[in-house]
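Here the structure is laid out as structure tokens; the discussion comes afterwards.
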Amino acid sequence: MIKITASGRPNELLRKAAALSGQDLFACYQCGTCSAGCPMVAEMDLLPDQLIRHVLFGMSDALESTAIWVCASCYLCDERCPRGIDVSKIMEALRQIWLRQNEDYVHVAQLPKETLAELPPIALVANFRKNTG
Amino acid sequence: MHIDYYPGCTIKASAGQYETSVRAVLATLGIQMKEMEQWNCCGVVHSLASDNLIRHIAPIRVFARLQEQGGSEMLTLCDMCYNTLSQANHLVRQNARQRESINDFIEAEEDYDGEIHVLHLLQILRDRVGYQTIKKHVRRALQGLTVFPYYGCKLLRPGGMGIDDPEAPRVLRDLMHTLGAAVADDPLQTQCCGSYHIVNHDEIVSRRVGKIAARALERGADVIVLSCPLCHFNLDTRQALVDSPLPVLYFTQLMGVAFGLDLDVLGLNQHHIDPLMLLQQRGFVQEEEALV
Ligand code: SF4
Ligand code: SF4
């Protein structure tokens, strides 16, 4: 069941997401342009525009979604949003909220040695910067 | 002419063929790369969180060091380095408060205010050297070869920081035309290859790469060219979904072939998907050369 409060105050998740991303989520008019262009939607449970809506309503499933980890900060949505919203920053904010209250999303010590040896440094550093606190 | 050069980790670790081919191509064009001293990893990705200043210190430190060494322009070959350095540079130029905090942290170096210009190699070739000059050095025009330029994300976006039109880039197309090649274009050229997911979700990368390569094949491409070492790794190692995988080359390797440069500096044998057979069949490379 979804509980939506109407206190007039932004919910906790929205407050944090807005502060960390520097974006005004209320500016989103749900046109779906971000999701239409996103190369990763086939891998996402909640699409970028849906995520924004869920955060606006303070629904905690936004933080549990795989979408925030699947987003690879490719900036295509930022380029196309007619409202000038940097959706990639909202994605980063949600990852950061998760990482700052939980554990790491990727556990470096558990990655196979062969993987670590084979991959270029930019793959590893980028991955750990996105998936660990 | 010489230009100060920031290599970044991956060029030195797993993209050696990019660096050696760039050196050879630039030498042909009369440009020497001078590797800057004491560089560190740029951090690879720009932090998008408003309070994560510590993540910007690595790229700013690189700028501060080059400034101390008397440099004013910095050449990069790697798209991810280019992106991270440009965004960090933009941040210190725009945001005085954050600039002060960052400079407070990097005590070992002098303060940095955003004075250095970062340039991607493609900008040097397009804007400084020019296609006309490049054309003069072509010894073996790539006639009959169809190239699929792949830009990915970090060269083009965020808009304003990228080196070309974010939706309709043309720099690689123009360059390949200059070499005499035909070009196949497609909207997937500017879509992400799956990037760092290769570490813990390589199935996502395989699906992305499969889609991009299949489209390139559909469009009649013989070969994919690009400039990002991570895109290169992903496309070169993860084309398993495609029936006939396309060779994936750094654009400077094809420039080198067209310039008639020594094959051993071009590193054409350092790929998972062998490009030499194709280049021999088309007569751009002789068999004796390929054996070297
Ligand atoms: S493109 Fe912008 S306005 Fe449209 S749904 Fe996405 S974030 Fe909202
Ligand atoms: S930045 Fe993330 S959400 Fe936006 S288009 Fe790219 S992958 Fe999708």
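Summary of computed values
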read-out	value
Leading residue by the ranking (farthest from ligand 1 (Cβ to nearest atom)) among those in the range A:19-34 that are more than 10 Å from every other protein chain (Cβ to nearest Cβ) and in contact (Cβ under 8 Å) with a residue 40 or more places away in the chain	A:D24
Qualifying residue in the range A:66-87 (condition: over 22 Å from B:S50 (Cα atoms) and away from ligand 1 (no atom under 15 Å from the Cβ))	yes
Some residue of the range B:56-69 being touching a strand residue (DSSP E or B) at 6+ places or on another chain (Cβ under 7 Å), in contact (Cβ under 8 Å) with a residue 24 or more places away in the chain and open to solvent by less than 10 Å² (accessible area, probe 1.4 Å)	yes
Members of the range A:60-80 found to be open to solvent by 40 Å² or more (accessible area, probe 1.4 Å) and either near ligand 2 (Cβ under 7 Å from one of its atoms) or of a type in the set (S, T, Y) (or both), listed by number	A:S60, A:T66
Odd one out for B:G43 among (1) open to solvent by 40 Å² or more (accessible area, probe 1.4 Å); (2) part of a loop (DSSP other than H, G, I, E, B); (3) not charged (D, E, K, R)	(1)
Output for the range A:15-59, where each listed residue is more than 18 Å from A:A93 (Cα to Cα), open to solvent by 70 Å² or more (accessible area, probe 1.4 Å) and part of a helix (DSSP H, G or I)	A:A36, A:A42
Filter pass, A:K89 being among the basic types (K, R), assigned to a helix (DSSP H, G or I) and open to solvent by less than 70 Å² (accessible area, probe 1.4 Å)	yes
Residues of the range B:195-207 satisfying the condition of being more than 7 Å from every other protein chain (Cβ to nearest Cβ) and open to solvent by less than 10 Å² (accessible area, probe 1.4 Å)	B:V205
Residues (outside any loop (DSSP other than H, G, I, E, B) and not polar (S, T, N, Q)) located in the range B:165-188	B:V171, B:L172, B:R173, B:D174, B:L175, B:M176, B:H177, B:A182, B:V183, B:P187, B:L188
Odd one out for B:L188, checked against (1) among the hydrophobic types (A, V, I, L, M, F, W, C); (2) more than 25 Å from A:L116 (Cα to Cα); (3) crowded, with 24+ Cβ neighbours inside 10 Å	(3)
Restricting the range B:130-165 to residues that are basic (K, R) and touching a helix residue (DSSP H, G or I) at 6+ places or on another chain (Cβ under 8 Å), the residue that is least open to solvent (accessible area, probe 1.4 Å)	B:R157
Of all residues making up the range A:94-127, the number that are in contact (Cβ under 8 Å) with a residue 12 or more places away in the chain, surrounded by fewer than 16 Cβ atoms within 10 Å (Cβ to Cβ) and of a type in the set (V, I, T)	1
Count of the range B:1-36 residues which are assigned to a helix (DSSP H, G or I), closer than 24 Å to B:Q69 by Cβ and in contact with a His (Cβ under 8 Å, 6 or more places away or on another chain)	1
Selection from the range B:27-55 of residues that are more than 14 Å from chain A (Cβ to nearest Cβ) and without any contact (Cβ under 8 Å) to a residue 60 or more places away in the chain	B:A27, B:G30, B:Q32, B:M33, B:K34, B:E35, B:M36, B:E37, B:Q38
Single residue of B:I212, B:I224 found to be not in a helix (DSSP H, G or I) and not hydroxyl-bearing (S, T, Y)	B:I224
Scan of the range B:215-245 for residues that are aliphatic (A, V, I, L, M) and either at pLDDT below 95 or under 21 Å from B:D174 (Cα atoms) (or both), ordered by number	B:A216, B:L217, B:A221, B:V223, B:I224, B:V225, B:L226, B:A240, B:L241, B:V242
Among the candidates A:L56, A:L46, A:L51, residue that is more than 11 Å from chain B (Cβ to nearest Cβ), farther than 24 Å from B:G159 by Cβ, within 13 Å of ligand 2 (Cβ to nearest atom) and at pLDDT 95 or above	A:L46
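The values are calculated or read from the model by the stated rules, or taken from the named source; none is laboratory data. Everything numeric in this text was worked out from a predicted model, so none of it was measured. Here the Cβ is made from the backbone with ideal geometry for all residues, glycine too, and neighbour counts use every protein chain on show. For the accessible areas, the whole protein counts, side chains as well, though only heavy atoms, and no ligand, DNA or RNA atoms are used. Shrake-Rupley method; radii C 1.70, N 1.55, O 1.52, S 1.80 Å.
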